Each structure stands twice: as structure tokens, then as C-alpha cells.
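Each value in this text was obtained by applying a stated rule to the coordinates, not by laboratory testing. As the structure is a computational prediction, the values presented were derived from the model and not from experiment. Glycine also receives a Cβ, built like all others from the backbone with ideal geometry; neighbour counts cover every protein chain displayed.
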Amino acid sequence: MAETTAGARDLGGIHDEYMTLTRQKRLYSLVLLMIFIALMVAGFSVAGGRNAGSFWGGIDNFFDYPSELVIEASGKLAEFPAHFVTFFPALIETVNIAAAATLLGALAAIFLSLLSTRGMARFPMLIPVFRRIMDFARAIPEIVVALVLIFILGGGPVPAMIAIAIHTAGALGKLFSEVNENADLKPVDGLASVGATWGQRMFLGVVPQVAPNWLSYALLRFEINVRASAILGFVGAGGLGYELKNAISWGQGRYDEAAAIFLLLFLTIVVIDQTSSHYRDHLTHGSKSERR
Amino acid sequence: MTMLDTADLKGSADRVMARKRLVSFGLPALVLAYLIYVFFAFGVPELIQKASSANARALVADTYSHKVHVTRDNRSGDVRVAIEGENKGAYPDGEAPDWVALGDETVIDLGGGHIITYLPENNGVTYDVPGYGLMTFEVSRSQGVIQSYPTEELPDWISASKNRVAVTTDAGRLSVTRNRTEVFRYFVGWELFFFTLDSPYHGLGLGEVVSRAFSGEAGAMAHDFWNNAMWRHGDVAWAIFETILMAFLGTMGAAILALPLAFLAARNFAPLVAVRMATRRLFDFIRGVDALIWTIILSRAFGLGPLTGALAILITDTGTFGKLFSEALENVDKKQIEGLQSTGAKPLQRYRFGVIPQITPVLISQILYFLESNTRSATVIGAITGGGIGLLLTQAIITQKDWEEVSYYIMLIIVMVVFMDWLSGLLRRKLIKGDDSGH
């Protein structure tokens, strides 16, 4: 039929068009890739230019410090148990900072998230206000709050704890409110119909539905917060980070202490990561796909 | 029979309820007990006593105000007026703002009737406080600060000892010691934010600045602003750029490194169990060592600077990305790869057209999320490796007096993080179309 011949001719046209489009698209992604590579190269050279040592000068020395550390520490292996005992309180402090901050932050996040979820909020008019509060708490880097509080309160674990708790409240609040949005509102309506107060509706109607997911996110946050607490200790907030800073500033001859702290920190993070990921798998019924 | 059953059922229901009750009361009790333990373990009671409310007040006051120092050196008799008492904020010799009259007798009008006069003889000072009276101080080498007050009993806003007097009123503050006499007057706002005193544009109104900018002086004006010695806008802009650069290089570098490694760690792509296990342990090790330890090791090798910070982020995130990407790879749909295979595609083509398009949304969303969160990390790492806005912030805090700069940096950091958050959200929406959840 006439239509088929017309179709064949059209097909040729479509094929050409498709090829030009593909070529265009390829060119487009090639240009994007070139820009990206140029950005990376330029970025590394700018960063390298403003660095004290250069990349190629330093790459050879990369293993110098770790190997010095290992060599000196392996000569003093007998002293390691004593070091572990010495630094154990600092380790406990670091973990306590993270745990207390996660607890306080999660408690604040629960209220913030309930108050900023549609259908659950106590004051629906104020939902945007509570959302902005969470955004703000999330945006402030921990070090900013920690340093300011160290100035006012003096050094120690409390400034770090407050700083991490503020950030945790914002970060968990956002995740919690995403969880809340998926919760079924029927129990809440049912409780409201029998005259339950807002607290009762939330505690009996929402919390049982979302608690496993909340707990899973809070455990993930705890992992992150242990690292943050170690870093803040390095800036002066106590705990293992502070001991580490002292140990490495003593330099050669005392490397065994630094190595002991490195090892403690490494083991702590690995143990906490493994434990928490085990429980998180458990909480989400071992379904890995849920976290994507 | 049925009676017995219901009794059994009731019994088991009661037990369940009792356990639930125990949990719902026991869990909060445990949390509370832990928090009480932490309260004492962290020494909160002593901390509250130690807390310096003076520091807090200075910090809050400095965030929205600045002070001008009028200082007399009691040995030479020279009087100097300087903003925040800093050399770079000093008025040229013989010049002063209009509330200070220099001369043999320097008269300082703090406003509201508060007049302080530096007398030429014996390093004398008088302070006339409305409603209280005239105070007179003289500094003598042998006797310290000789003081006379209009009342017998001193009010609590005067703190006096043999060698030192400090008078703090609403209008300002006077401090007299053997070496120097100093008056602070507080003003709202950040002084010299745009131009320092040595710039010809200082003190001009907005209208005049704009009109002069249009008549060809914009270049000189930008130069004076950029090189403002007090606020160092040029350095601050560089520092922000450096922080974002660290985050960008670290995140992107880590993604580039992690993608091929992730194939080795994914169950459905790595043929050898040994390779898979080794790669996974490598990721676990990198993540376990943690950014702090990497930062220390790297700063030993590469020295201080932004490159070190970027590499620290790069290494740490390679571990995290490797884990996340390999999980994404394990979730890809096999059908698309088989479809490509049936057309005779080579392995590399299968990966490029069958696998990559499937994981791109996850990849992009993770990378952008980390880019935003690494901007925050780069601030902290910068404080340790000596690069970016983190370094400026810690330096400003260590001096313990430039609190207006501290609050300025804090605002800039928050703006920077919010901007990166917004940018990564925007890119995520643009690049991953049709995925409403964005994750």
C-alpha cells in the first residue's frame, strides 16, 4: 500500500533524526565531561597551590608516619594494655558525648517532627516555623556551636554534647518527619474520636507505628555522632580526640600512646558500626532494599 | 471449657499488657537514669558555676555592636582613638570622631550627659555621671590610682582597688590603671565593615558612594572593600571558596574512585568471592579509620592546607561511597543487562548501557547529599588541617576579642551550608526527573 512506502521513507528520516539527536547528546555529555574534568584538575591544582606541601612531594611520605608509628609501637607492645587502661575513661567520655547527644537530639527531633507533620501537628499554623527551626539546626556545623560554648562554659564534654545534640535534632527531625508522613492516620482519628489529648494521640496512635524506623535512624545517627564527638574532642572538647591531640603533639618517642589511641578509636568505631548495623537490619526486618 | 479458655486468654493478655507497661515505663526510666548519670559524669553542676556570664555577655554584645577605645598612655600622655582598640582601626594622629575633643584637655562626651575629661596634670581623669556626681582620679607612680567619689558608699557599677578602677555605666566604660586610662564607648552596628579609616570612601553616605562608583571610581572602591584590613573580605571570600572546593574535590574524587571499586564489591558483578570480601573489608577499614585519623596522617604527609582537607574527605568517603554504591549495584535489574547481551553487547557496553543508567539516580542523589554534608565537614576539617573558613573561625575565637568577626563568620558558614543544601536539592530535582522522593 501507499502508506507502507511512505512509512519506509519516514523511517529513514526518523533514523537520521535519531542519529543527529544521539550525536548531539553525545557531544553534549562529552562537553559536560570535559568541563567536569577541567574543574577537577583546576580545583586540585588550586588546592595544591595553597597547600603547605605538594601532592607529589607528599605521596612518597604518605606511609612514613603510619609506619614510624607502627614500628615504634610494635617495640612497646607490652605497654599497650596499660595505655588502654589509661585512655579508657576518655573513650567512655567520647561515647557518652555521642550517646547523650543522640538521646537529647532524638527527643527534640521527635517533638519537632510531630509538630511539623501535616495531620499530626498540634498547631498546624506553626508547621513552617518548626520546619525552619529544623533546617536551621541542621545547617549549623557542630564546630561552630562547640567553639562558642567552649568559650562560655570552658572546655569539656558538655559543649560538644550540646553542639552535636543541636545538629542531631535538625537532622533526625527531618528524617523522622519523613517517616511520620508514611504513618497511617486512622489510629489518630480513632483516638481523637474518643477524646484523647494530643499527647495521647501521638503516644498511642503514632509512636507504635514509627518507633522501629525512628530507632533505626537514631542508631545510624549514633554512629555518625561517635565520629563527630572524636573530632570535636580534637578541637578541645575532651574525650579521646583531646587525648589524641596531646599524644601526637608529644611526637617521636611517645608514638606508642598515639598508636594506642588510634587503635582504640578504630576499634570503637568498628564495634559500634557493626553492632548498630546489626540492630538496624533487625529493626527493618532484614530487608536491605528498604534503605536503598 | 470455654470459661477456662477465656481465663487463659485473659491471663496471657494480662501478661502481654504487663510487659508492655514495663517497657513503656522502664524505657523512659532507663533513659532518664542514663541522662542523670551523664549529668554528673560530665560535671554539669561545676560547669554551671564555672560558666562565664561575662564572656557570654561580651559575645552577645559584640555580635551587634562595636566599641571605640579612647586610650591615654599614662607614661607619655599620648591620646589615641581606635575602633576596637586595634591598630588597623586607629584614627590618624590628631583626628578623632566628633564626640571626642582632643587638646590639652581631652573631653569625651559619652552622650546622655556623661562627660569624661582627661586632665593634663598628674594624669588626672574626671567622670561626671548624671545623678551621681563628679569622680576624680589621679595616677601616681608611688600610690597607684588616687580616687575621690561624691558618696561614701560605692555603687556596684564601680569596681575599685588600689591600682585599678573600672566604672561601667550605660553610656560606656572607664578603666584607669597605672599604665593607661581607657574609655570604651559602644555603638550599634559593625564599624568599618565596608571601608577602613584610611580609605577615602569611609564615612560617605550610600548615595554618594553609589554616585562616585558610577563616575569611574568603582575599581578603587572595590579594591578598598576587598582589601579592608579590619574585615579582610578578600581573605574571607577565598576561605569560603576553599571550603567549598575541599568538599567538591573530596566528594567527586571519592565518587570517581569508589565506582569501579564498588563493582568489585557487588555480589552480582565480582566473580571471585575473595576479591569481593577483600574490597568490602577495605571499605570497612577506610570507614573505620575515620576522617579524624586520616586528617592527621595526611597532614603529616602533605603539610597543612586545603589539599590535605580535600584528600581526607576523599579517602573517608571512598569507603562510604563504595559501600553505598555496591549496595545499589546489588539491587540492579538483571533483565536490562540480559537484553543488551542478547544484542551482542560487549561487557563494557553492558555496564555502560545496562547498569550505569539504572544506578545513576541513586548515585547522583547520594553524591549531592554528601556534597552538602561535606561542606559542613570541610569546615571542621579545615580547622584541623588549616584551610578555609574553619581556620578563620578558630583563629578568631582563639583571640577571644574579635567576636563581631566570629559572628560574621558563623553567619557566612550558615549561609554557605544553606546555599549548598539548596543547590544540591535543585540539582537533584533537575538531574533525577520523575523521582519525586528525590532519594
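Multiplying the residue separation of A:S193 and A:M19 by 0.36 nm and removing their Cα-Cα distance gives an extension gain of 56.3 nm. Here the 3J(HN,Hα) profile of segment B:338-347, calculated from phi with Karplus coefficients 6.51, -1.76 and 1.60 at θ = phi - 60°, is 4, x, 5, 4, 5, 8, x, 6, 6, x Hz, Gly and Pro shown as x. Each Lys or Arg adds one and each Asp or Glu takes one away; over the other residues whose Cβ falls under 11 Å from the Cβ of B:A345, this sums to +2.
What residues of segment B:313-342 lie in the reach of a label at A:L39, counting those whose backbone N is under 17 Å from a point 7 Å from the Cα along Cα→Cβ? Label zone hits: B:314.
Among the helices of chain A, those built from whole DSSP H runs whose Cα atoms reach 30 Å or more along their own axis and whose mean Kyte-Doolittle hydropathy is at least -0.5 are A:2-49, A:80-115, A:157-181, A:207-232, A:255-283. Peptides A:207-218, B:29-40, B:159-170 ranked from most to least packed, by the mean per-residue count of other Cβ atoms within 10 Å: A:207-218, B:159-170, B:29-40.
Site pair B:D5 and A:L30 shows an inter-label distance of 7.9 nm when each label is modelled 7 Å from Cα along Cα→Cβ. Ranked by the mean number of other Cβ atoms within 10 Å of their residues, highest first, the peptides B:209-215, B:227-233, A:11-17 come out as B:227-233, B:209-215, A:11-17. Remark: mean inter-chain Cβ contacts per residue of B:241-247 equal 2, using a 10 Å Cβ-Cβ cutoff to other protein chain atoms.
Helices in chain A, meaning DSSP H runs of at least 4 residues, each add -39500 (n - 2.57). Divided by all residues, the mean residue ellipticity at 222 nm is -26500 deg cm²/dmol.
Annotation for segment B:204-220 versus segment B:298-343: alpha-carbon center distance of 51 Å.
At R0 = 35 Å, how high is the FRET efficiency between B:Q143 and A:S249 if r is their beta carbon distance? Nearest 0.05 is fine. Efficiency computed from Cβ-Cβ geometry: 0.15. Note on A:R50/B:E86: beta-carbon distance plugged into 1/(1 + (r/R0)^6) with R0 of 30 Å gives a FRET efficiency of 0.70.
The loop-placed trypsin sites (Lys or Arg not before Pro) in segment A:140-228, going by DSSP, include none that has at most 16 neighbouring Cβ atoms within 10 Å of its Cβ.
Net charge dipole, the protein assembly as shown: roughly 2840 debye, given to the nearest 20, about the Cα centre with Cβ charges of +1 for Lys and Arg and -1 for Asp and Glu. The GNM of chain B, with springs linking C-alpha atoms under 10 angstrom apart, assigns the highest mean-square fluctuation among B:F137, B:F269, B:F25 to B:F25.
When each of the peptides A:167-173, B:409-415 is scored by the mean number of other C-beta atoms lying within 10 Å of its residues, the order from highest to lowest reads A:167-173, B:409-415. Of the cross-linked pairs A:K174/A:K245; A:K25/A:K174; A:K174/B:K334; A:K76/B:K50; B:K20/B:K323; B:K50/B:K162, those separated by over 31 Å at the C-alpha level are A:K174/A:K245; A:K25/A:K174; A:K174/B:K334; A:K76/B:K50; B:K20/B:K323. Note on segment B:131-187 and segment A:36-57: Cα centroid distance 57 Å, given to the nearest whole angstrom. Only Cα pairs under 8 Å and 6+ residues apart enter the sum, and on that basis the relative contact order of segment B:148-258 stands at 12 percent. The mean sequence distance of close C-alpha pairs (under 8 Å, at least 6 residues apart), as a share of the length of segment A:69-290, puts its relative contact order at 29 percent. Take every pair of alpha-carbon atoms less than 8 Å apart whose residues are at least six positions apart; their mean separation over the length of segment B:65-188 yields a relative contact order of 24 percent.
Annotation: amide H of B:R180 within the under-5 Å range of B:N74, sequence separation 5 or more or interchain, hydrogens built in the peptide plane. Using 0.36 nm per residue and subtracting the Cα-Cα separation, the extra length available between B:R429 and B:W226 on full extension is 69.5 nm.
Just checking the listed ones, B:A171, B:A61, B:A345: in the Gaussian network model of chain B with Cα springs under 10 Å, the one fluctuating most is B:A345. Any idea what % of Cα-Cα pairs in the protein assembly as shown are farther than 36 Å? Of the Cα pairs, 57 percent sit more than 36 Å apart.
What is the calculated FRET efficiency for B:N122 to B:N55, with r their C-beta to C-beta distance and R₀ = 35 Å, to the nearest 0.05? The value I calculate is 0.50. Peptide B:283-295 has a mean shielding of 5, counted as Cβ atoms of other protein chains within 10 Å of each residue's Cβ. Counting Cβ atoms of other protein chains within 10 Å of each Cβ in B:374-387 and taking the mean gives 4.
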